[in-house]
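**Student:** Below you'll find the structure I mean.
Laboratory data are not the source of any read-out in this text; all were calculated from the coordinates shown. These figures come from a predicted structure and were not determined experimentally. Reconstructed Cβ throughout: ideal geometry from the backbone, glycine too, with neighbour counts over all protein chains shown.
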Amino acid sequence: MSVEIVLMRRGGPEYQLVLARLEGSYDCKIFDCYDHPDYLRDVLIGVYGKDYPEIVKGIEAEFGESSQDARIARFLAVLKNSK
């Protein structure tokens with residue numbers, strides 16, 4: 001949910017583009033990306049470009065204290081490693 005909240009807050013057609021690219025390239029939904037954060041990272045970089053770091057900061061903030069959970073921390077670490 002946290003990822004979707006951040007993307008929807010930004011508005012515009014980018015959210016729908018993220019959904020379409022995840023489905024088209026990886027046959028998955030945003031929820032599936034918790035197990036495959038590299039999919040989400042690649043799509044977000046492609047859609048948001050230079051605004052990608054801001055998106056990751058927003059996702060991390062939305063997780064709040066939950067970001068200390070091992071699974072979420074790993075998810076965020078993959079997103080932060082934008083190659």
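**Student:** How much length would be gained if the chain were fully extended between ALA61 and TYR34, taking 0.36 nm per residue of separation minus their Cα-Cα distance, in nm to one decimal?
**Tutor:** Details: separation 27, 0.36 × 27 = 9.72 nm, distance 1.63 nm.
Full-extension gain reported as 8.1 nm.
**Student:** I want the local charge near ARG9. Using Cβ-Cβ distances under 15 Å, sum +1 for each Lys or Arg and -1 for each Asp or Glu among the other residues.
**Tutor:** Numbers: positive: ARG10, LYS57; negative: GLU4, GLU14, ASP51, GLU54, GLU60, GLU62.
Combined, the nearby Lys, Arg, Asp and Glu give -4.
**Student:** Further, regarding this structure: Please state the shape class of region 1-70: rounded when a/c is under 1.5, otherwise prolate if a/b exceeds b/c and oblate if not, all from the C-alpha gyration tensor. It would help to have the intermediate numbers written out before the result.
**Tutor:** Details: a/c = 1.72, a/b = 1.24, b/c = 1.39.
Oblate.
**Student:** Also: Using θ = phi - 60° and the Karplus curve 6.51 cos²θ - 1.76 cosθ + 1.60, what whole-Hz ³J(HN,Hα) does each residue of region 32-48 get, with Gly and Pro shown as x?
**Tutor:** Rounded to whole hertz, the list is 5, 6, 5, 8, 9, x, 5, 4, 4, 4, 5, 5, 5, 4, x, 7, 9.
**Student:** Same structure again: Give, as a single signed number, the net charge of other residues whose beta carbon lies under 10 Å from the beta carbon of TYR34, with Lys and Arg counted +1 and Asp and Glu -1. Provide the component values of the computation, followed by the final result.
**Tutor:** On the way: positive: ARG71, ARG74; negative: ASP32, ASP35.
For residues surrounding TYR34, the net value is 0.
**Student:** Also, I was wondering about something else. Counting only helical runs of four or more DSSP H residues, what would the 222 nm mean residue ellipticity of the chain come to if each run contributes -39,500 (n - 2.57) and the total is spread over all its residues?
**Tutor:** On the way: 5 runs with 52 residues, N = 83.
Helix contribution divided over all residues of the chain: -18500 deg cm²/dmol.
**Student:** Gain in length, SER25 to VAL78, computed as 0.36 nm per residue apart minus the alpha-carbon separation, to one decimal in nm? Can you show the working numbers first?
**Tutor:** Values: separation 53, 0.36 × 53 = 19.08 nm, distance 1.84 nm.
Here the answer is 17.2 nm.
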